[in-house]
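Report on the following structure.
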Amino acid sequence: MFHLWRLKLILTWLAVASTLIFHATNIFAAGYTMRPEWLAESRSTVEASQQDGPHILLRLDVSDVIEGRLKATRDEVRSLLREARIGYTGLASSGRTVQVHITDPAQLDLAKATLKTVTDPVADSGVQEMTLDDSGPGLLKFTVTDAGLKYRTSAALAQSVEVIKDRIRDLGAHSVVRSTNEDGILVRTSGVADPQRLGQILTRPGHLSFQFVDLSMPVDEAIGGRPPVGSAVFYSMDDPPVPYLIENRVILSGKNVLDAQATRNLATDEPVVSFRLDSRGTARFKWATTQNIGKPFAVILDDKVISAPVIREPIEGDTGQISGNFTAESANDLALLLRTGPLPARLTIAEEAR
């Protein structure tokens with residue numbers, strides 16, 4: 001009786017196994033395969049379920065993506081027309097369009113040929129980001145296409161995901177970060193001591209620049225009237241904020257920073273941020289400081305002036321310090337932003353759960 005029961009059990013398992021093999025054969029015969037991305041998605045799901053820290057849903061600011069593209073287009077148009085010695089006026093942007101007026105009608109065809117690269121398709125995708133409308137007399141209008149906006153938004157979203165991963169990793173935490181739709185990023189973390197600080201760090205743009213202070217006009221006159229062409233008023237992080245008239249020309253940017261660390265000034269014992277430049281940044285900073293001894297330059301983070309020291313002598317090395325009214329934490333945060341790089345566009349917190 002025992003042998004008959006065991007025989008039935010074996011036959012039952014053989015039947016089940018045969019059924020499974022039959023179904024698996026049909027599935028693979030139909031062309032279904034276990035693709036790597038399926039496996040990766042499964043692993044991400046398991047990892048996400050293990051995250052017990054803050055869950056944050058971020059939104060990409062699409063209007064900032066557009067503004068970034070328009071700014072790049074304005075700079076390109078300005079540079080190309082100046083190199084070709086073509087006179088122009090009224091270079092400005094509005095909505096999704098950059099326009100410029102060519103002053104000499106005889107140079108209009110040359111201007112269109114010179115600016116052809118603005119409307120050329122993107123090399124790696126074939127997407128045409130900008131179209132040209134030349135129906136107005138002497139007026140050229142470049143407009144961001146729907147396909148171009150979708151391309152830029154997708155690229156900004158992918159880059160933002162990588163920056164966020166780097167920032168969380170730099171904090172010593174663990175995370176699962178993925179895009180959720182055309183403009184959303186879901187962040188799930190564990191090992192985060194201060195969720196509020198995490199949210200602030202993830203949404204900080206992190207754009208650093210060194211720019212000269214414009215001394216051609218008192219800043220109060222610029223505020224009350226009109227700043228000189230090529231300059232704008234920026235405010236410091238102090239309370240109350242201190243205004244500065246700043247030249248638009250960027251000497252150095254965060255792209256030139258290879259590394260940054262929070263440390264302390266040996267003379268004052270105040271928190272500072274030490275940084276190291278790449279070779280291009282080192283050469284450019286040496287040239288700029290050699291040519292402008294006695295002139296102040298501003299260290300600007302996200303359109304706020306951190307400090308504005310006066311150049312006393314040429315700065316020839318590849319290292320430097322940023323000082324300001326730092327706390328130990330804010331110095332650490334700035335160093336982290338410089339190490340991980342800026343976001344391509346603004347991010348806002350849409351939802352947050354702790």
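The values are calculated or read from the model by the stated rules, or taken from the named source; none is laboratory data. Values in this document were obtained by computation on a predicted structure and should not be read as measured data. Note: ideal-geometry Cβ built from the backbone for every residue, glycine included; neighbour counts use all protein chains shown. Protein only, heavy atoms only, side chains kept; ligands, DNA and RNA dropped before computing areas. Shrake-Rupley method; radii C 1.70, N 1.55, O 1.52, S 1.80 Å.
So here's what we get for this one:
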read-out: Dipole magnitude (debye, nearest 20) for region 157-228, charges at Cβ of Lys, Arg, Asp, Glu; value: 400 debye
read-out: Segment K112-K71, extension gain: residue separation times 0.36 nm, minus the distance between their alpha carbons; value: 12.8 nm
read-out: For region 197-354, size of Cβ-based charge dipole, Lys and Arg +1, Asp and Glu -1, in debye; value: 460 debye
read-out: Extension gain from A350 to D120, taking 0.36 nm per residue of separation minus the Cα-Cα distance; value: 79.2 nm
read-out: Heavy atoms of T263: accessible area, 1.4 Å probe, square angstrom to 10; value: 60 Å²
read-out: Stokes-Einstein D in µm²/s, Kirkwood radius over Cα pairs - region 108-153 at 25 °C with 0.890 mPa s viscosity; value: 218 µm²/s
read-out: Segment W287-D133, extension gain: residue separation times 0.36 nm, minus the distance between their alpha carbons; value: 51.4 nm
read-out: Longest to shortest principal axis, alpha-carbon extents of region 290-354, angstrom; value: 51, 25, 21
read-out: Inter-centroid distance (Cα atoms) of region 309-354 relative to region 163-236, Å; value: 9 Å
read-out: Listed values (i) 50, 24, 16; (ii) 40, 28, 16; (iii) 51, 32, 17, entry calculated as semi-axes √(5λ) of the Cα gyration tensor in Å; value: (iii)
read-out: Hydrodynamic radius (Kirkwood) for region 39-197, which is based on Cα pairs only, to one decimal in Å; value: 18.4 Å
read-out: Debye, to nearest 20: dipole size of the chain, +1 on Lys, Arg Cβ, -1 on Asp, Glu Cβ; value: 940 debye
read-out: Cα radius of gyration and Dmax for region 279-328 (Å); value: 11.7, 34
read-out: Greater than 28 Å apart at Cα, pairs in K165/K295; K255/K304; K112/K286; K150/K255; K116/K295; value: K165/K295; K112/K286; K116/K295
read-out: Simple label model, 7 Å out from Cα along Cβ direction - K141 to T89, nm; value: 2.0 nm
read-out: Per-peptide average of other Cβ atoms within 10 Å, ordering 61-74, 224-237 highest first; value: 61-74, 224-237
read-out: Unit charges at the beta carbon, dipole of region 63-140: most positive-side option, G126, T73, G90; value: G90
read-out: Positive-pole candidate from Q200, T145, T114, dipole of the chain, charges at beta carbon; value: T145
read-out: Portion, in percent, of the accessible area of region 67-204 that falls on carbon or sulfur, probe 1.4 Å; value: 48 percent
read-out: For the chain, accessible area per residue (1.4 Å probe, heavy atoms of protein chains only), Å²; value: 59 Å²
